[in-house]
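These notes concern the structure reproduced below.
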Amino acid sequence: MLVGGDFNTDPDSPQFAGERTVKMFQEAGYEWALGTLPRAERITWPAADGFPDATFDHVLVNGIRVRAVMVPKGYEGCGDHRPVVVEVEG
C-alpha cells in the first residue's frame, strides 16, 4: 500500500507538534519515505510569505520496499510545492 499527498503538516516543525497524521500512519505500520532524508533535503514547500521551509508533502508505504527517495529542486515555477519522487519495489 502506498499513500501520498499534501498533508499540510510538518513532523519537524514545532508549529505542528500536536498534529499526529504522519505518526498515526507510522503506528499503523507505514514507513514515512521522506524520513530517511536529512531535513534540508526533504523540504517540499520552500519558505514564502513569511513562513519557513516545510515538509508538507508525504509518501508513506506499507508492504513495499523503498529503494530511493528525493525531493528535486528546480520546479518552483511549476507550483508552490516541490515534487516527491519515490522509487519502490514489490
Just give me the residues in the stretch 43-75 being modelled with pLDDT under 95, charged (D, E, K, R) and within 18 Å of ASN8 (Cα to Cα), in sequence order. ASP49, ASP53
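Suppose we filter GLY74, GLY35 for residues that are over 10 Å from the mean Cα position of the chain (by Cα) and not aromatic (Phe, Trp, Tyr); which single one remains? It would help to see each step written out before you state the result.
Details: GLY35 fails: over 10 Å from the mean Cα position of the chain (by Cα).
Among GLY74, GLY35, only GLY74 is over 10 Å from the mean Cα position of the chain (by Cα) and not aromatic (Phe, Trp, Tyr).
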If you scan the stretch 2-18, which residues turn out to be farther than 23 Å from CYS78 by Cα and either modelled with pLDDT of 95 or more or in contact with a Cys (Cβ under 6 Å, 6 or more places away or on another chain) (or both)? LEU2
Within the stretch 1-57, tally of residues that are in contact (Cβ under 8 Å) with a residue 12 or more places away in the chain, more than 21 Å from GLU89 (Cβ to Cβ) and in a strand (DSSP E or B): 6
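From the list THR9, THR44, THR21, pick out the single residue that is surrounded by 13 or more Cβ atoms within 10 Å (Cβ to Cβ), polar (S, T, N, Q) and touching a Lys or Arg at 6+ places or on another chain (Cβ under 8 Å). Even if it seems obvious, please write down each step before you answer.
Working: THR9 fails: touching a Lys or Arg at 6+ places or on another chain (Cβ under 8 Å); THR21 fails: touching a Lys or Arg at 6+ places or on another chain (Cβ under 8 Å).
Selected residue: THR44, the only one of THR9, THR44, THR21 that is surrounded by 13 or more Cβ atoms within 10 Å (Cβ to Cβ), polar (S, T, N, Q) and touching a Lys or Arg at 6+ places or on another chain (Cβ under 8 Å).
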Residue, farthest from GLY63 (Cα to Cα), within the stretch 1-27, restricted to residues that are within 10 Å of the chain's Cα centre (by Cα) and among the β-branched types (Val, Ile, Thr): THR9
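The values are calculated or read from the model by the stated rules, or taken from the named source; none is laboratory data. These figures come from a predicted structure and were not determined experimentally. Note that each Cβ is placed from the backbone with ideal geometry, even for glycine, and that neighbours are counted across all protein chains shown.
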